[in-house]
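The values are calculated or read from the model by the stated rules, or taken from the named source; none is laboratory data. These numbers were taken from a predicted model, which means no experiment stands behind them. Because the Cβ atoms are built from the backbone with ideal geometry, glycine has one as well, and the counts that use them run over all protein chains shown. We work out accessible area using only protein heavy atoms, side chains counted, and drop any ligands, DNA or RNA first. Shrake-Rupley method; radii C 1.70, N 1.55, O 1.52, S 1.80 Å.
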Amino acid sequence: MRIITDILATKGRVKVQAIDYKNSLKPMCKLFGGRHINFAESEPKPLNIWNYPGIEAGQSASKRQSTFVLTDLLNLSKTPKDDTISYSIAKTIVSEVYKISERRNGAGKPKFQPTLSHFLDLLKSYSWNETERTKANELFLKLNIYRSDVWLDAPTHPDFDSDSPFDVYELTSLSCLDE
């Protein structure tokens, strides 16, 4: 806590993210005008994995951001690490979804955030050869069960779509969520 306090008090524009257990960082988070984030099924406030700073301006997703989304999709679909065809298919669609996002965002346009549904719709309609089509359909079936999930297929909640110097994620609140 002392390190966090020193950094926030002495450095310029710094952002601290921490994982908390049993609300121990909550008072300090409040003191620095941060967000203490609890997860609750009754009041979902999703953090969209596809969202990143600069998306609203039409900036391209970084390689790290694209890899982050790709890894999440492959984990959700339980795709084996050696399945290079599914990996390539998912990587292609992630790239295409982000290209669409770049064109839909920009100065004077409302912010557009891609979601899992955008990925699934493009995955289903993309022009694949026969081998790829089989793998794409398999990937679609594995991920389509999460379509319309309030946590996994939704834009970032407005509470989290603004800058904050200090975000604390309450670990104990995760126990209330469905696995």
- Query: In debye, nearest 20: dipole of segment 1-84 around its Cα centre with unit charges on the Cβ of K, R (+) and D, E (-)?
  - Reply: 440 debye
- Message: Rounded to the nearest percent, how much of the accessible area of segment 68-159 (1.4 Å probe, protein heavy atoms only) is carbon and sulfur?
- Response: 55 percent
- Could you state the number of Å between the C-alpha centres of segment 45-102 and segment 143-178? 17 Å
- Please give the net charge around S173, taking every other residue with its beta carbon less than 12 angstrom from that of S173, where Lys and Arg add +1 and Asp and Glu add -1. -1
- Dipole of the chain, positive end: most advanced residue of T10, P110, S86 [Cβ charges, Cα centre]: T10
- Message: Give me a comma-separated list of calculated 3J(HN,Hα) values for segment 34-45, in order, Karplus coefficients 6.51, -1.76, 1.60 applied at θ = phi - 60°, integers in Hz, x for any Gly or Pro.
- Response: x, 10, 9, 9, 10, 9, 9, 4, 6, 9, x, 10
- Message: Per residue, how much accessible surface does the chain expose to a 1.4 Å probe? Answer in Å², no decimals.
- Response: 62 Å²
- Note on the structure: Charge tally for neighbours of S60 with beta carbon under 10 Å away, counting Lys, Arg as +1 and Asp, Glu as -1, is +1
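Within a Cβ distance under 11 Å of L120, other residues only, what is the Lys/Arg minus Asp/Glu net charge?
+1
Rounded, prolate or oblate, given the Cα gyration tensor of segment 140-179, with a/c below 1.5 counting as rounded?
Because a/c hits 1.5 or more and a/b fails to exceed b/c, segment 140-179 counts as oblate.
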- In whole percent, what relative contact order does segment 70-167 give with Cα contacts below 8 Å and a gap of six or more residues? 30 percent
- Mean residue ellipticity at 222 nm from the helices of the chain, using -39,500 (n - 2.57) per DSSP H segment of n ≥ 4 over the full residue count, to the nearest 500 deg cm²/dmol? -13000 deg cm²/dmol
- Query: By its C-alpha gyration tensor, with a ≥ b ≥ c as the square roots of the eigenvalues, how is segment 10-111 shaped: rounded for a/c under 1.5, else prolate for a/b larger than b/c, else oblate?
  - Reply: oblate
- Query: For the residue pair D72 and M1, what label-to-label distance in nm results when each label sits 7 Å from Cα along the Cα-to-beta-carbon direction?
  - Reply: 3.1 nm
- Just how large is the dipole of segment 131-179 about the Cα centre, in debye to the nearest 20, putting +1 at every Lys and Arg Cβ and -1 at every Asp and Glu Cβ? 460 debye
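Using only alpha carbon pairs under 8 Å that are at least six residues apart, calculate the relative contact order of the chain and give it in whole percent. Present the calculation step by step, with values, prior to reporting the outcome.
Details: 224 pairs, mean separation 78.7, N = 179.
Once divided by the residue count of the chain, the mean separation gives 44 percent.
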- Length released on extending from A40 to N137, taking residue separation times 0.36 nm less the Cα-Cα span: 31.7 nm
- Query: If you place +1 on the Cβ of every Lys and Arg and -1 on the Cβ of every Asp and Glu, how big does the dipole about the Cα centre of the chain come out, in debye to the nearest 20?
  - Reply: 600 debye
- Message: With the cut-off at 1.5 for a/c, could you classify the chain from its C-alpha gyration tensor as rounded, prolate or oblate?
- Response: prolate
- Query: Given 4 °C and 1.567 mPa s, how large is the Stokes-Einstein diffusion coefficient of segment 80-179 in µm²/s, with Rh as the Kirkwood radius over Cα pairs?
  - Reply: 81 µm²/s
- Message: For a quick check: with amide H placed at 1.01 Å from N, whose amide H comes under 5 Å from A18's, ignoring anything fewer than 5 positions away on the same chain?
- Response: D167, V168, Y169
